[in-house]
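The values are calculated or read from the model by the stated rules, or taken from the named source; none is laboratory data. As the structure is a prediction and not an experimental result, all values here were calculated from the model. Here Cβ is always computed from backbone atoms with ideal geometry, including for glycine, and neighbour counts include all displayed protein chains.
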Amino acid sequence: MSELDRLSSQLGIPRSVNETAANIYRKAIEKRLIRGRSIEAMIGATAYAGARIRRVPRTLDEIARHSRISKKELGRCYRLIVRELDIKIPLANPTDYIVRFAAELRLSGRTARKAVELLNRAKEHNLTAGKDPTGLAAAAIYIAGITEGERRTQREIAETATVTEVTVRNRYKELVRKLKIEVTI
């Protein structure tokens, strides 16, 4: 539990997420899922599951960075926990990431709202299905930043969202084309 507390404080996740993760970890111990696996990897996986359940957006990359476990190993442990404990995880919503990314990029609330509106329009046109929510959030922030005069580079946004510049560019082009948005670069 001290490892979970350490990880939670480094990730800046609320107490409710920490408690949810602790409950999942206890269930994993009862089912003997921890045996033979790294405690750090299982703690990271339960923290990720807790964050997803509580809709506090954190990426596997962020958790991997703070837990000294590879993203691949974290993903493996996460899938094991979800499958074996039969946990229902809500789908990640790209709008959940907007506020955090906008704050990290020092963008105004107006730009963040514009990005959320953009994502809502994209959802109405079924453009979000099957796409990585962090990539969609990054592209929406890029477009909103340009239209609101708070331009950030694709690289800055990609680093903040822990996606590639290519992902930002592809999602950006797709959103602009399919939503018929006029963007002057």
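Values for this structure:
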quantity: Residues of segment 30-42 that turn out to be more than 11 Å from Ile81 (Cβ to Cβ) and either at pLDDT 95 or above or β-branched (Val, Ile, Thr) (or both), as a count; calculated: 1
quantity: Boolean, Val166 is over 20 Å from Gly12 (Cβ atoms) and modelled with pLDDT of 95 or more; calculated: yes
quantity: Residue among Ile63, Ile98 that alone is surrounded by 14 or more Cβ atoms within 10 Å (Cβ to Cβ), assigned by TED's automatic domain parsing to the domain that holds Ile24, within 14 Å of the chain's Cα centre (by Cα) and of a type in the set (A, V, I, L, M); calculated: Ile63
quantity: Helices (runs of 4 or more DSSP H) (entirely within segment 1-60) containing at least 3 residues that are in the same structural domain as Tyr78 (by TED's automatic domain parsing), surrounded by 17 or more Cβ atoms within 10 Å (Cβ to Cβ) and not aliphatic (A, V, I, L, M); calculated: 15-30, 39-53
quantity: Enumeration of residues in segment 157-178 that are under 19 Å from the mean Cα position of the chain (by Cα), farther than 21 Å from Lys71 by Cβ and crowded, with 18+ Cβ neighbours inside 10 Å; calculated: Tyr172
